[in-house]
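The values are calculated or read from the model by the stated rules, or taken from the named source; none is laboratory data. These numbers were taken from a predicted model, which means no experiment stands behind them. Neighbour counts run over all protein chains shown; Cβ positions are idealised from the backbone, glycine included. These accessible areas exclude ligands, DNA and RNA; they are computed on the full protein's heavy atoms, side chains included. Shrake-Rupley method; radii C 1.70, N 1.55, O 1.52, S 1.80 Å.
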Amino acid sequence: LPSVFCLGDCELQTPCGIQKCTTDFVSLTSHLSSALEGFDLEFCKALRAYSACTYRNSKVCRGNLVYHSAVLGISDLMNQRNCSKDGPTSATNPALTHEPCNYSGHTEAREHAGGEKMTPPTYLFCGLFGDPHLRTFKDHFQTCKVEGAWPLIDNNYLSVQVTNVPVVSGSSATATNKITVIFKSYRDCTDQKVYQAVTDDLPAAFVDGTTSGGDGNTKSLRIVEKVGGKYVEMHAKYIGTTVYIRQLGHYLTLAIRMPQELVMAYEESQDLQLCVNGCPSSERIDDSGHLPLHVMGQLLPQGGAAPPRLVYTLETATTKCHEKMLVKDIYFYSCVFDLLTTGDANFTVAAHSALQDVEALHPRKEHWHIFPSSGGGGVGKDSKFCVSLRLVCLILVVFF
């Protein structure tokens with residue numbers, strides 16, 4: 001009898017919700033990996049939630065083949081994973097499963113709440129190494145003086161300041177001997193944390209002695225020591241940011257990846273940020289990526305005066321840098337520049353490590369290598385030989 005009355009308005013019945021059950025299950029398990037500890041526990045919780053959802057839809061879905069396939073599939077998976085039918089279940093609303101202090105989950109949570117597909121966050125890279133050479137968030141490459149303390153980053157979430165000192169007497173080239181990183185207080189994820197590194201003191205803890213921020217379970221901010229006293233990483237999950245700091249020789253290098261929307265979250269008064277806007281023109285040593293050769297020649301033999309460090313010629317510097325870097329990009333030429341300027345072979349390692357940091361953190365592989373060009377931007381195949389040619393000219397002037 002009910003089926004007879006239904007003939008005219010069956011469409012008013014509650015639709016089968018098996019698709020929603022399946023979508024929720026996929027959302028609950030997509031981030032899980034069978035290689036991780038606790039996988040079976042979380043997978044069984046998600047399966048029980050999936051099973052409960054199908055049970056709630058059993059009446060309206062009883063004629064749906066997809067529903068019956070799902071029920072059988074759940075049973076098979078529970079047997080394979082030795083899941084008990086009784087026990088805790090995952091939250092059926094995937095939005096509730098996202099960690100509030102995990103930036104990578106924010107987009108997914110907003111997407112689920114709004115019901116619209118959102119564009120994945122864009123990440124930017126900035127690096128500082130050598131004499132110093134700066135790669136900005138816009139992938140502009142500059143060599144600067146910037147002696148003293150300068151802000152690399154200063155936004156609503158993070159501040160990074162570096163201090164640079166002269167490398168060689170009489171040269172305008174400087175290098176970094178101090179880095180201060182301030183992770184600003186953020187909701188319930190972390191209190192303000194300050195990290196400070198100076199030459200020969202690269203700690204594996206914040207200045208307050210702690211190694212993490214947030215509560216002990218989430219660790220939304222943490223320091224990882226990779227090489228004792230020489231290399232640390234800082235991972236701030238709540239702002240999707242990673243920072244590498246190294247000591248190579250007597251100087252420090254820094255590399256950072258941060259979401260674009262957070263990079264740009266700053267006030268007008270905070271516009272002096274080297275990673276965002278580059279070095280002021282008065283502090284630039286290079287010319288559109290081309291390194292200044294008058295600085296490079298200062299350690300070449302002149303009047304028989306003994307150089308303060310090992311003397312490199314164009315040939316020996318090129319050979320030394322080529323041992324570490326096969327591609328003659330701006331990192332290679334920076335290596336040559338640093339060797340001829342300082343005579344310190346540690347700068348070769350710094351240039352190579354800086355490129356490795358790019359490969360580890362920069363989101364776009366096609367932008368890893370930068371080549372100097374005559375137009376101030378872009379990649380020029382012929383321009384890669386300009387520095388070498390000008391170096392030869394300088395050496396001829398010096399000797400003759």
- Message: At 1.4 Å probe size, put GLU267, GLU359 in order of accessible surface, largest to smallest.
- Response: GLU267, GLU359
- Message: Along the charge dipole of region 17-81, pointing to its positive end and built from +1/-1 on Cβ of Lys, Arg, Asp and Glu, which listed residue (ALA52, ASN64, ILE74) has its Cα farthest out?
- Response: ASN64
- Multiply the residue separation of SER75 and THR23 by 0.36 nm, subtract the distance between their alpha-carbon atoms, and state the gained length in nm to one decimal. 17.0 nm
- Accessible area of region 17-81 belonging to carbon and sulfur atoms, whole % at 1.4 Å probe: 55 percent
- Neighbourhood net charge (13 Å Cβ-Cβ; Lys/Arg +1, Asp/Glu -1) for THR242: +2
- Message: Using the Kirkwood radius over C-alpha pairs as Rh, can you work out the diffusion coefficient of region 17-81 via Stokes-Einstein at 25 °C, viscosity 0.890 mPa s, in µm² per second?
- Response: 202 µm²/s
- With a 1.4 Å probe and all protein chains in place, put VAL162, VAL311 in order of accessible area, largest first. VAL311, VAL162
- Item | SER51, SER159, ranked by accessible area, largest first (probe 1.4 Å) | SER51, SER159
- Query: Expressed in nm to one decimal, what extension gain is obtained for the pair ASP200 and GLU147 from 0.36 nm per residue of sequence separation less their Cα-Cα distance?
  - Reply: 17.1 nm
- Determine how large the accessible area of TYR266 is when every protein chain is in place; take a 1.4 Å probe and give Å² rounded to the nearest 10. 60 Å²
- With a probe of 1.4 Å, find how much accessible area region 17-81 has per residue, and write the answer as a whole number in Å². 63 Å²
